[in-house]
Each structure stands twice: as structure tokens, then as C-alpha cells.
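Read through the structure below, which is laid out as C-alpha cells, and then see the notes.
The values are calculated or read from the model by the stated rules, or taken from the named source; none is laboratory data. Note that the structure is predicted; figures quoted are calculated from it, not measured. All Cβ positions, glycine included, derive from the backbone under ideal geometry; neighbour counts span all protein chains shown. Surface accessibility is based on the protein's heavy atoms, side chains included, excluding ligands, DNA and RNA. Shrake-Rupley method; radii C 1.70, N 1.55, O 1.52, S 1.80 Å.
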Amino acid sequence: MLVELNKQVFKSRVKRIYDGWNASKDDDYSSIVEADALFLLAGDPASEDEPMRKGTCLQQWLLGYEFPSTLFLFEKSQISILCSASKAKILAQIEDKNGPIQIKIFAQAKAKETPNDSLFQFAKLFLSKKRVGTLIKESHEGKLIGEWDKLVADADAKPEIVDMGPAVSAFLAVKDVDELRTTQTAAVLTSTLLKYHVALKLESILDKESKITHDMFAAQIEARLGSGEGNTAKGPDMKVWNRGKGLSDVDWQLVEFCYPPIIISRSTKTGYDLRYTAESSDDHIAHKGVLLVAFGLRYKSYCANVGRTFIVDPNPDQETQYNLLLSLQAELLATIKDGISAREVYYHAVAYIKEKKPDLEKYFVKNVGFGMGVEFRDSAYVISAKNGRVLKSDMILNLGLGFSDLVDNSGQKYSLHLVDTIKVETTRSTLLTEGTRSSKDTLFFLTPESDDEKPKKNERHTPALPRSNVSPQKLKMVAGKVLRNQTRRAVQDDVHITAAAKLVEHQRELHEKLQAEGLQRYSEDGGGTGGKEGKGWKKFQSYKGEAALPNEVDRLRIFVDRKAQTVILPMHGSAVPFHINTIKNASKNDEGEFTILRINFQTPGQLAGKKEDTPFEDPDATFIRSVSYRSPDGHRFDNICKQITDLKKDANKREQQKKEMADVIEQGSLVELKGRRPAKMSEAFIRPALDGKRLPGEVEIHQNGVRYQSPLGSQKIDILFSNVKHLFFQPCDHELLVIVHLHLKAPIMIGKKKAFDVQFFREATDVQFDETGNRKRKHRYGDEDEIEMEQQERKRRAMLNKEIKAFAEKIAEAASTSNGDTLELDIPFRELSFEGVPFRTSARLQPTTECLVHLTDPPFLVVTLADIEVASLERVQYSLKQFDLVFIFKDFTKAPLHINSIQSTQMDDVKNWLDSVDIPMSEGPVNLNWGPIMKHINESPYEFFQQGGWSFLGGAGGAESDHSDASDSESEFEADEEELAESESSDDGSDYGDSDGGSNDSGSDFGGGGEDESDEGDDWDELERKAAKSDLKRAEGAKKGGNSDDSDDDRPKKKPTKANGKATNGKGKSKR
């Protein structure tokens, strides 16, 4: 049976109904005390737009399911149910002949059967009562309801009808253990969605000033539970839900929204509305002022609700008002407890407002919440001044505080609210929903208040800039010249030490967080697969039966069947087929007059080969390792061996291609725009390039994707928005191309190759522009002409950037509308770029808000920062001019990404950038062999994190000690003037030796460097000190060497000191 009812839950809840019915002294049940029966009516199901009816809630509470077109009559000793025959079979599960309350089911006849008198029998029972309690405010429709109303209307005597709504509310109000557990899960779901999606997404929208409507943002929130139908259906967004605690066993089919999420900002045309019947409008979200968010989730029919206020650039009054709501919530949590009435709670809230801010009393809401459970809003338990109902322990309330129709300094109206789900306990109440409540999480200060804060405005468009290791005083220049500053070195050291200390402290926090998340992510039983997930012995079928064997088998000779990819071998008078994938290889040897053909098979337990660690399903199975045949016909065996080898090569090639294409998806159909022309980018080239002559084509934006059309219309490439992971725009500043780049979630086929990245670009050259008709060029020449050309070139590039960027923004907007999820346009930050070797050649790598990219030349590189677990800086040594960067991904089965040969002069910039985007990093003097390391981690991630996780890499503190050592040694070097002179004379003989020795430190290091590169910004003090060094050097050389020629002749004798890759210190044993 598909529908299974919980009989024990039904019995316990029916007992609660009868206990309340018989409790004559309880005011909650006073409306039904004198009733002879309780009548529950259910017609056709209500539409999805209507709120759940109280009668449906009572059915859900009793049975766990809704039963439309069903009538329940509760009598003192019996429950009578009128329903269809199919429902009668389901409801038979709750019958209990030995129970105190008997269940009697009146099953109506099926449509094709003769009608019975079950409806008349049920009506007879109903009409025999004097007073019947029912839900008089509810109206129902349907065939059964029509027949019932006619039958009752024609009756002579009718029972008196009383409203049992308040009593039903009392039945549902106090929750049992199972109900509390389910409500707690609903609250965790609601809190998780708030903390890990809604708040973060809203902050991103405000930060980037994204253009998105209220209803679109509400639709994106709803899409976290899945969207679409049929083949296009998407499941829940587990990236969000996996971050919640205790949600691993949630049945996602039983999770739904209580009402469409409500998003309101000051641009909403209907104004601020704190009611839950409000709707998100189609206006764009305002990026300033007050924003209200409210949504609720239902799990197994039980509700939890949350509402938050976000304020951008709040004024002092708004800060005070919001903080008052926070303190009022804490006050009411201590006030609401078992035995207090709803009226007393509301009066206490008003008194608190009067005491703290009397002028806000008139703006305070008319009620501060309501009872909640299966029914989202129980009107019998509204917490207002008119309700005298007593609150009891284990009730669930929606505590909603707020001020409405407030007016700001500009005269605009706004409202504030703070809504949470709470549980009433004996001495106080506790919050079930949590997160994003404090003022630091909900108040955003984006407008700078002084000149010092103005750089903060750029934070909306760029990630946190690297912490500068340069003193602010070093930037003081007049007419391009550095000013004299005696205290620069001390200030610079202080700034560097402070920045380095902050970086080390932040990295320590990131590593601690990474370790905690790792332990939480992986269970104690391992959670790893060792890279063997899905690994096993495949089964292959050559033929479906003996009849399918080729005719050549009758001759009992070795036969290679290319069509079936099978080798048929004669064994003991039988033809035995072996699929080519079971054969490892074939070899042939000549021995005298005979030729021996040996065929080796794939078997487990081999010392070498891919299958050595693959278990077989039957550990007692016996395998054939090889088969040998001998024949005097060497020519035939040559031919057979070649056929088997070629067939094996073809099979391996097919298998390799199959693996490569395993992640390639078949996209859906592009839905073309109708009724208007699509936005186009003309004269665009595509990469990867299409077959044929290289000609520019057009890119068109359609309803659910973009299409690239070749010039003659012979070839086209469709890319659906649902498959786009990142969208980039790279301007032609300092580049020859202006680029729109799409990075895909899953690769598609372009020609015969799969592609993760598709790029549309234009060339920013003079050929792209028409310069005909410029008559001024005839009469002007020289510098003026060149200046004009440069100005025109800058204008052309600016126009090209503007045009292509506008097109890219249209793609982002169309994708957001199609997907229901915002696709942000990302622009690389060239000022944060650095050179490295991610593949075989050096490339300029540029950070963006969400990625690290190289888009200029193929192969392209797009690394999503959110996918990075930790970054490892390798070959970090004082003597080396370059270092390597390795990214380890959160998916441990994915190979780490190596970016080699980054200049050491950019190390601080790289480290500061990694720290600014919250990527934990480490540094070490040597390269690590990541293959075995990742294999060990994959075998048991839990054990790896138990043993300290990534702590074996060390922290990012090396930079601090390196720089401090360098500055210490430099200060000692300047301290003693005699040592200065002596060492400088020695250095004079090793000027070239130093550069040679430096290059010998690492075979892979290249490029100039050393201290000459760092002298570009020397001030006058530094230049004078260097001049003094040079004078002392010459004087010392003249004293000891007699003349400069002798000294020069002696210099080559110091070359043996380069064997260690180090220059002498000036106190060496050189001959003079």
C-alpha cells in the first residue's frame, strides 16, 4: 500500500481531542462542551494560492495526509467517516476494534457500480444530533458537498450548529515530541536558507548594485528547493542546504514554502507592507534605504517563519529603532512562558516601548505574533491586546515585532520588522530560528563619511586590495620626484610588520576554520574512496547466444571478429569467445619450425597494470592468465597477432575517447526570441575556432541562451544560460582584444573537440575602424599628427569597450531572467595580476571577484575561488627569484593546479590577494609531490583531518621572518663603517659572480633581479649612501691593491666561491 498511516499517532491525537471535549472547565474548549458531535467537512482540494484551511490542518494533524471529499463525524463513542471506496481501504488502517473509540467507515460505491445508501446512513447519524460543532467559517465545493447540502436542506429537523474553530486551535496548539522535532527541522531549514543564501545574495546585490527585481529575487529564493519539471527539473541546491546542521536525512519532497518569499524595498510601488499576504513587486530592488525580507518553510506540514530588516546607510534614528526591536525581542523571550496570556504579552511589549522610546508607540504593530504549527497563522492565538487566550508550554509561536509608517529625513515612509519562530517553555521562550539578526549583519554603511573612507566605495567593484607593504609617506611626490624623508625606513618597517602580523593572524583563523569544516564534512567511517569510487570489473557481452557466432567457428581455428570486438579461441574442441577488453596483449615467438602465439588476459592480482588493486566480486574465482598456441604456419600467426594488437589499440582508443567525452552534455534546444530582434554583437570571432576560413560572425542573445552564427550561416553554436557558470568581460586596455568569455558548467562539443570555455572577441586594431574621409591628414604631419592618432585610438578603444560591455551586461540580464538565478558579469582586475606558468608558457593571471583567470590566449584558465581548499606557495627561498603556487581543490579527487615560475617580487601581492579572498595558504622551501599526498588524503579524509589536516604544510608566517631578517641584516651592515668598507671592496670583485650564482640556485629560475630591481624608487638619502659606499670602495682598493689593474687581475681568482651558489662576504681569503 502506497499510503501508510501512523496508527499510534492517530490514537494519541484522537485521545487529545476527546480529553479536551470532555474538559468542561477549560475555556479553550468551551465552544464544544455541550456539543453532541463534531463534524469535519472536506470538499475538493483548495487551489495552491489559497492558505491551508483549518479543517485540512486537522486532517494533516490526525492522519498525516489530506483526504478531500471526506466527511468525519466525531461522536462520544465513535468516529464515523464517509469517503470513497479507495480512501476506505487506506483509512481501514486506523480501525481498532478493541479501542475505546470505534471507527466506522461508510464507503461510497465506485462510479461504475450501483449507488449505495452510505450517504443516507451517514446523514441519518448527523441529523440525529441536537448540537453539532463544525468550522462554520469554511466553505467547500465539490460533488459530494453538493449532495450533502441538498440532503441536509431537505431534512425536517436539523441540529444546532456551533463553531468549533477555537477548540480545534487548542487541539493543534500544544505540540508533542514528534511535532517539536519536525518543527525544529523546519526552523533549521529556514535559518540555513537565511544565513547561507538570502543574506549573502542580498548583500551581493547591494554591494555590486545589481539590477534585479523583487519578484525575481523571490523566485531565486524559491529555486533553492528545486525548479522546473520533467527533463529540465533541478533538485534542491545542496550547496546551500549542506551547510545546515542535521539536514542530511531531510525528505526534500516534503519541504515547501509557506507562502511566496516577500521582498520589499523603498522602490516597491505598493510601499512597505508587513502583512504576509503582501507580494514581491516587479520593480528593481533599491540599493539604498530599508529592505524587508520574509519567508517561511514547511516541513512535513509544520511551519517555521523568519523576517529580517536590512538597512543601507541607516541614519542614527533607524539604528536606534532597529536596536530597540532587538532588545524588545530579548525582553519578550524572557516574558513569554507557560501560563501568561496573549494580552499580557502585548501589553508588556507596549510598556517596554513607552519606557525606552515613547514617541515610537504610535508606530508599533497591532500584534506581535501568532500561534503556528500545521496551520501557518492560527487566528485564535494572535498575540494582541484583545486576545485573552493563555499560552502553554510546547506551543510554537511566530514572534513578529515591528514599526510601520515611520518617516525618514527625506519624508519617505518606511517600516521595520524582526520576525522569528519561538517555542514556549516553562520559565521562558527559546528561539528556533537564528542567524543574521545583529545590527552588524543587517546594517550596511556604504557611503563614506570622510575623505579617508572614500576608497571603500571601490569595494563594490573590486575585491579587497592587497595590503600595501609600502609606507604612506613613500607616496609623497612633487612633480614626479620623491621628497626627502629621514624617517621613511622606520615607518616602512612598522607598516610592513603590522600588515604581516595581520596577515598571519587572519591566516591562522582561516586554517582553524578549514580544520573544523574538514572534520564536520567527513564522517568517522572515512568518507573517502581512495579514488576507487565506481571501480570494478566490467562485464562485456560478445554474442547473445550460440546462433550469433560467426560461421568460421566451425573450423575450430583462431578467429578475430572485428565486428563483435571478440577473439574466438578453440579450447578442447569448443569455440570460446573472449571480448577484446578481457585480453591484455598478444605476443608471438618463433621456436624452430614452429611459431608460438601467446595471449595474455586481464586478471586481478597482477604485479603491474591498472587492475592490480581492483577487487573481484567473487574472491574464490579462478582466472586464466594466458593461453598459448603452437603452429607451423608462422605467417598465419603473424597475421592473427597483428589483428589482435590492432583491435586492442582501437578498443583502448575508443575507451579513452569515451572517458574524455563522459562529462560532455547534450544541451537542450535554444528558444529563439519571437516578436523582436535579438541583441547582437557583430564582427565577432569565436574561440575555439570553427572549421573553415576564419571570418567574423554574429552573436545573438535569445530567450534561454546565446547563438553564434558564422558569416554564411553554415555553422552555428548554441550555448544555453543554464550551462553558464561564469561570465567575463575583458576590456582592450593594454590588450589587442576585447573579450566576452563564457565558462561552462559542463563541456560541449565544438567541432570535434569538447570545450569548457567559449569566447567571443573583437580585435581592437585600426583595421576594425573606417578612417576614410579624414582630410586633415593631408595638411598635418609630425608630432601633432601622432598625438591626434593616439587620441583617436584611445577613443576607439573606449567606444569598443563600452559597446561590448553593454552586450555582456545584456547576456547577464537575460541569463538571470531565464535561470531565475543571478549571473554576475565578472571583470578581471589587471592591477592585481601577476605572471605565472599554469600550462607550458608564461601567462598573465588576473583575479576577478569570483575567479582567477587567463583569457587572452588559449589554453584558457578559469579557477573558481570558492572551489579552492588551500593554496601552497612552494620554492619560497630568499636566494630564488621565483616561486610556485599550487591550488588544492575542495574536491580531493581533482588534481591540484600548479602555477609555476611566479616572480618573487610579486610574492607579497599574491599572498595579500589570497588572504583578501579568504583562501588559507602555506609556504615551503621545496616542491611537494602532490600525487601520493592526494592519494593518501582520498583514502581516508576523516583520518587526514583527525591527524591535523593541512597543518603539515605550515602557515603563511615565513614572510614575516624573511623580511625582518633582511631588515636586521641591513641595519647591522650599516652600523660599522670599517666593516662597510671592507665588505664593499670584496663585493667589487663579485658583481658578476653574484648574478651567476643566483641563477645557479635553481635550474628553473630565469630573468634578472636582485637588488637592482628594487632601486627604482630610491630617495636622495639612499643615493648619497650609495655614493659614499662607492667612494670607500675605490679608496680601499687603491690601498690594498696598489693600482686598479692589479685588483682587476685578481678578481677571477674568486670564481671557485661560486660552487656553493653564494658570494663571499668581503672577509674571504682573496689574494691581493
Revision key, fill the gap. In whole percent, the fraction of accessible protein surface over region 48-190 that belongs to carbon or sulfur atoms, probe radius 1.4 Å, stands at 52
Practice item. Over region 333-381, average the accessible area per residue using a 1.4 Å probe and give it in Å², no decimals. Key: 47
Check your understanding: How many lysine pairs are close in region 532-603, with Cα atoms under 26 Å apart and the two 8 or more places apart or on different chains?
Key -> 11
Practice item. In nm, give the distance between the simple-model label positions of ALA1027 and GLU552, each being 7 Å from the Cα along the Cα-to-Cβ direction. Key: 9.3
Check your understanding: Hey, any idea what % of region 850-934's accessible area is carbon plus sulfur with a 1.4 Å probe?
Key -> 54
Check your understanding: Among 1022-1031, 817-826, how do they line up from the highest to the lowest mean number of other beta-carbon atoms within 10 Å?
Key -> 817-826, 1022-1031
Check your understanding: Restricting to lysine pairs 8 or more places apart or on different chains, what number in region 633-711 have Cα atoms under 28 Å apart?
Key -> 8
Review point. Taking only protein heavy atoms and a 1.4 Å probe, what accessible area per residue, in Å², does region 72-204 have with all protein chains in place?
Key: 50
Review point. Any idea of the accessible area per residue across region 834-897, 1.4 Å probe, to the nearest Å²?
Key: 36
Review point. So for the pair LYS104, GLU793, with labels modelled 7 Å out along Cα→Cβ, what separation do we get in nm?
Key: 9.9
Revision key, fill the gap. Once both label points are put 7 Å beyond Cα along the C-beta direction, the GLN253-THR320 separation in nm becomes 5.6
Point to revise | Neighbour net charge for SER410 - beta-carbon separation under 11 angstrom, K R +1, D E -1 | key: +2
Review point. After finding the eigenvalues of the alpha carbon gyration tensor for region 193-272, what semi-axes result from the square roots of 5 times each, listed largest first in whole Å?
Key: 25, 15, 13
Point to revise | Cβ-placed point charges (K, R +1; D, E -1), dipole of region 863-926 about Cα centre in debye, nearest 20 | key: 200
Practice item. Among TYR347, LEU326, ILE311, pick out the residue whose Cα is farthest towards the positive end of the charge dipole of region 301-421, where Lys and Arg carry +1 and Asp and Glu carry -1 on C-beta, about the Cα centre. Key: TYR347
Review point. Can you give the charge dipole size of region 684-740 about its Cα centre, rounded to the nearest 20 debye, using +1 on the beta carbon of Lys and Arg and -1 on the beta carbon of Asp and Glu?
Key: 180
Check your understanding: For region 68-119, which GluC sites (Glu not before Pro) are both in a DSSP coil and crowded by at most 14 other Cβ atoms within 10 Å?
Key -> GLU95, GLU113
